[in-house]
1. Could you tell me which of 347, 96, 22 has its Cα farthest along the dipole of the chain towards the positive end, charges placed at Cβ (Lys, Arg +1; Asp, Glu -1), taken about the Cα centre?
2. Run lengths n ≥ 4 of DSSP H only: what is the helix-derived mean residue ellipticity at 222 nm for the chain, with -39500 (n - 2.57) per run over all residues, to the nearest 500?
3. Using mean Cβ contacts within 10 Å as the protection proxy, how do 276-284, 39-47 order, highest first?
4. Find, among the trypsin sites (Lys or Arg not before Pro) in segment 90-148, those assigned to loop by DSSP (not H, G, I, E, B) with at most 13 other beta-carbon atoms within 10 angstrom.
5. What distance in nm lies between label points placed 7 Å from Cα along the C-beta direction at residue 134 and residue 14?
6. Write down the accessible area per residue of segment 153-232 in Å², having rolled a 1.4 Å probe over the full set of protein chains.
7. Placing unit charges on C-beta atoms (Lys and Arg positive, Asp and Glu negative, everything else neutral), compute the dipole magnitude of the chain about its Cα centre in debye, rounded to 20.
8. Do the alpha carbons of any pairs in 159/321; 162/321; 115/159; 46/104; 164/259 sit beyond 25 Å of each other, and which pairs?
Amino acid sequence: MEAQTFMLWFQLDRERLADHENEILSRVKTLPGLFWTGTWTTAAEKHLDAGGVLYTTVNSDGSHAVIRLFPSGLLTLDLQRLSAIQLPDRPYSSAIKLRLERMKKHLGKYCLLAKTIPVPVHRSCEPPWPYMITGDERIIERDFTELVFETNSRWQNIKIFKSKQCGNVLYLDDDVMIGESDLVYTETVLGLDRNDFTGKTVLILGGGDGGLLHELVTRTRPAFVTMVEIDEEVMKACRTHMRSICGSALDQYEGENYKIEIDDCINYMKRATERNATFDYVVNDLTEFSVDKENYGFDYDFATSSVNLELSIRVLSPEGKYLARGNTTSCTTYVAETKKNLQRLGLVFDVFTKYVPSFQEIYCFFEAWKEKAPS
């Protein structure tokens, strides 16, 4: 069962509100009956000290409505029901718009504007949860039909949802990571149209869905690929439920030209710097997080806010390239901070943008390299 909330709002004539308050309130109180039939009973009526009126009404079918009239003339109407109670006519958008027009007509000359979200907001404690937010915190409603898989690893919550448009979609701690629709994400991170991996050594940081490793070993000819992923449970889930992304890359942790290390990327790169190991490409597929450098035994200061970035550059060969996922272009603070960090390290870089279907946003990707000294 889920609660469905229908939200409508109106702008009433403020000048007429002052002169015809009783007439307007009598019409406002009967608005819920124009949306749903049944017997409506006023449960609470409060004239507020700050101005305006608040009504709560209950329907005989168990639904209820909250009406708030503000001194400015803004009128909000929120109606809520359990999903078992059905509107008599569908689709929702047509039915709700008809009811909105009916209400506007009922308010008559007192109503200047009437608006609605023409679909209900869904709330339930049972998956699949339909909502996510964009990088600049706008709501997106997903088309998930079921929760395919869920587990809690030592590190995070792992979910895989079934989407009508995007296939299976991986979420980590309720953040979208990748969907079966998102080959464009993997191709753009790697820059397969501009980078030549032939005979090169590659370090993948994260990449637990297996997409980067799969594309590298099946579409290019690298000398060797090392993938470092801390959470084996992510790999197990994707190996079973997202094989269109990873293929057989996660079936064996070691192959002819690749090896998967179950390890903390920070610790792995720290050990690599200690033995002076470098890679031709470092591919950062991690979600950035803060690191307490003392806990890792670092005895030097970092120049930027990104430990992952700095360590990646330390293990990058002089002629190598750093490839990284960024964030949505709408998350302007993250993108700006990443650019500053790259500049602080004296790196030359490009930024690429692509629309990623399961993210439902334009995403940015970074490619950086060390500036060559003048000859």
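1. 22
2. On the way: 11 runs with 96 residues, N = 375.
The helix contribution divided over the chain gives -7000 deg cm²/dmol.
3. Peptide ranking by packing, descending: 276-284, 39-47.
4. Within segment 90-148, the qualifying trypsin sites (Lys or Arg not before Pro) (loop, at most 13 other Cβ atoms within 10 Å) are 138.
5. Rounded to a tenth, the inter-label distance reads 2.9 nm.
6. 37 Å²
7. Values: 43 positive and 54 negative charges, 286 e Å.
So the magnitude is around 1380 debye.
8. Over 25 Å Cα-Cα: 159/321; 162/321; 115/159; 164/259.
The values are calculated or read from the model by the stated rules, or taken from the named source; none is laboratory data. Here the structure is a predicted model, which is why all the values come from computation and not from measurement. Reconstructed Cβ throughout: ideal geometry from the backbone, glycine too, with neighbour counts over all protein chains shown. Ligands, DNA and RNA are stripped out before the accessible areas are found, and what is left, the full protein with its side chains, is counted by its heavy atoms. Shrake-Rupley method; radii C 1.70, N 1.55, O 1.52, S 1.80 Å.
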